[in-house]
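Colleague: I am attaching a structure below and will ask some questions about it afterwards.
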Amino acid sequence: MAFGYDTITPEPVSKLIDEFNRLPGIGPKSASRLVFYLLRAKREQSERLANAIMAMKDTTIFCNRCFNITVDDPCSICTNANRNERQVCVVEEPLDVVALERTGEFKGLYHVLHGAISPVEGINPEDLKIRELLSRLRVEPIEEVILSTNPNLEGDATAAYLAREIIPLGIRVTRLARGLPMGSDLEYADEVTLGRALQGRREM
Ligand SMILES: [Zn+2]
């Protein structure tokens, strides 16, 4: 048991509390609340939840080109002939793709890094999809890379690293404009602010 339950709580209950507690943004209190809610709710609700989790794990894969989440490989953005293949927007997480798509401002392709460089957390360039991005730049007709990593320490460090790698290849490198709340995540920016940051992007 992760954080010392009483001996009265049955093990299947405390086990599920532990699992919820492991999820980001859910503390022990919310974890208990969710489990006791499910205990009282109809059996079908737990079934739907369990099935949805397993279906997500069994059918969702990463696109081999942009590494966004998808059920078909390549994904629907990579195979869309109306997207501009000459622009690639580099983001940290699949949720950032959703946020940028919501702005309706970007018609190019994406590349999802799956994280940001963070020496403190032991995340190095080789742990991210950076090698894959550099390979794409060699074989695809990409003319501009828009670095849309988060406006925080790790996001800025990642952008600086990528700029150093990409600029010598003769490809234009830009960064989302300042104006996004510093220290926050891209996914939480509203679409107007994010759209403006995209329009006002600056050369690196
Ligand atoms: Zn893709």
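Colleague: Using Cα atoms only, what is the angle between the long axis of helix 153-166 and the major principal axis of the chain, expressed in degrees (0 to 90) to the nearest 10?
Modeller: Approximately 40 degrees, to the nearest ten.
Colleague: To the nearest 10 degrees, how steep is helix 43-59 against the longest Cα principal axis of the chain, on a 0 to 90 scale?
Modeller: With both axes taken from Cα atoms, the answer is about 30 degrees.
Colleague: Using a probe of 1.4 angstrom, how much of the accessible area of region 5-59 is carbon and sulfur, in percent? Could the numbers behind the result be given before it?
Modeller: On the way: 2700 of 4410 Å².
Whole-percent figure for carbon plus sulfur exposure: 61.
Colleague: Relative contact order for region 49-131: what is it in percent, counting Cα pairs under 8 Å that are at least 6 residues apart?
Modeller: Working: 104 pairs, mean separation 19.7, N = 83.
It rounds to 24 percent for region 49-131.
Colleague: Place a point 7 Å from Cα of ASP6 in the direction of its Cβ. Which residues in region 13-37 have their backbone N less than 18 Å from it?
Modeller: 13-18, 28-37
Colleague: Peptides 6-13, 61-68: what's the order by average Cβ count within 10 Å, highest mean first?
Modeller: My ranking of the peptides, most packed first, is 61-68, 6-13.
Colleague: Same structure, new question: Please list the radius of gyration and Dmax for region 5-59, considering alpha-carbon atoms only, with Å as the unit.
Modeller: Rg and Dmax of region 5-59, Cα atoms, are 12.1, 38 Å.
Colleague: Further, regarding this structure: Can you pull the Kirkwood radius for region 102-204, inverse mean 1/r over Cα pairs, to one decimal in Å?
Modeller: By the Kirkwood definition, the hydrodynamic radius is 14.2 Å.
Colleague: Rounded to the nearest 20 debye, what is the charge dipole size of region 5-59 about its Cα centre when +1 sits on each Lys and Arg Cβ and -1 on each Asp and Glu Cβ?
Modeller: 200 debye
Colleague: Same structure, new question: Would you mind working out the accessible area per residue for the chain, using a 1.4 Å probe, and quoting it in Å²?
Modeller: The answer is 59 Å² per residue.
Colleague: Something else about it: Taking R0 as 22 Å, what's the FRET efficiency between GLU47 and LYS15 from their Cβ-Cβ distance, rounded to 0.05? Spell out each step's value before the answer.
Modeller: On the way: r = 18 Å, r/R0 = 0.81.
After rounding to 0.05, the efficiency reads 0.80.
Colleague: Please identify which residues in region 36-60 have an amide N closer than 20 Å to a label point set 7 Å out from the Cα of SER76, following the Cα→Cβ vector.
Modeller: 52-53, 55-60
Colleague: Then there is this: If you fit an axis through the alpha-carbon atoms of helix 94-103 and take the longest principal axis of the Cα set of the chain, what angle between them do you get, 0 to 90°, nearest 10?
Modeller: With both axes taken from Cα atoms, the answer is about 60 degrees.
Colleague: Right, next: By a straight-distance test (C-alpha under 15 Å), which aspartates and glutamates pair with LYS29 as possible cross-link partners, with residues fewer than eight away in the same chain excluded?
Modeller: List returned: ASP6, ASP18, GLU19.
Colleague: Tell me, what is a quarter of the convex hull surface for the C-alpha atoms of the chain, in nm² with one decimal?
Modeller: 14.0 nm²
Colleague: Pull up the cross-link candidates among the lysines for LYS129, meaning alpha carbon to alpha carbon under 23 Å and not fewer than 8 places away within one chain.
Modeller: Correct list for LYS129: LYS57, LYS107.
Colleague: Hey, another quick one. Normalised by the number of residues in region 99-204, what is the relative contact order in percent for Cα pairs under 8 Å and 6+ residues apart?
Modeller: Relative CO of region 99-204 lands at 31 percent.
Colleague: Order 28-35, 171-178 from most to least packed using the mean count of other Cβ atoms within 10 Å.
Modeller: So the order, starting with the most tightly packed, is 171-178, 28-35.
Colleague: Please give the per residue volume of the convex hull enclosing the alpha carbon atoms of region 46-107, rounded to a whole number of Å³. Can you show the working numbers first?
Modeller: Values: hull volume 6.5 nm³, N = 62.
Given the Cα convex hull of region 46-107, per-residue volume reads 105 Å³.
Colleague: Also, quick follow-up: Relative contact order of region 17-158, please, whole-number percent, based on alpha carbon pairs below 8 angstrom and at least 6 residues apart.
Modeller: 19 percent
Colleague: Using just the helices of the chain, give the 222 nm mean residue ellipticity in deg cm²/dmol: DSSP H runs with n ≥ 4 each add -39,500 (n - 2.57), and the total is spread over all residues, rounded to 500.
Modeller: That calculation yields -13000 deg cm²/dmol at 222 nm.
The values are calculated or read from the model by the stated rules, or taken from the named source; none is laboratory data. Predicted, not measured: the structure shown is a model, and the values here were computed from it. Positions of Cβ are backbone-derived with ideal geometry, glycine not excepted, and every protein chain shown enters the neighbour counts. Just so you know, the surface numbers come from the protein's heavy atoms only, side chains and all, with ligands and any DNA or RNA stripped out. Shrake-Rupley method; radii C 1.70, N 1.55, O 1.52, S 1.80 Å.
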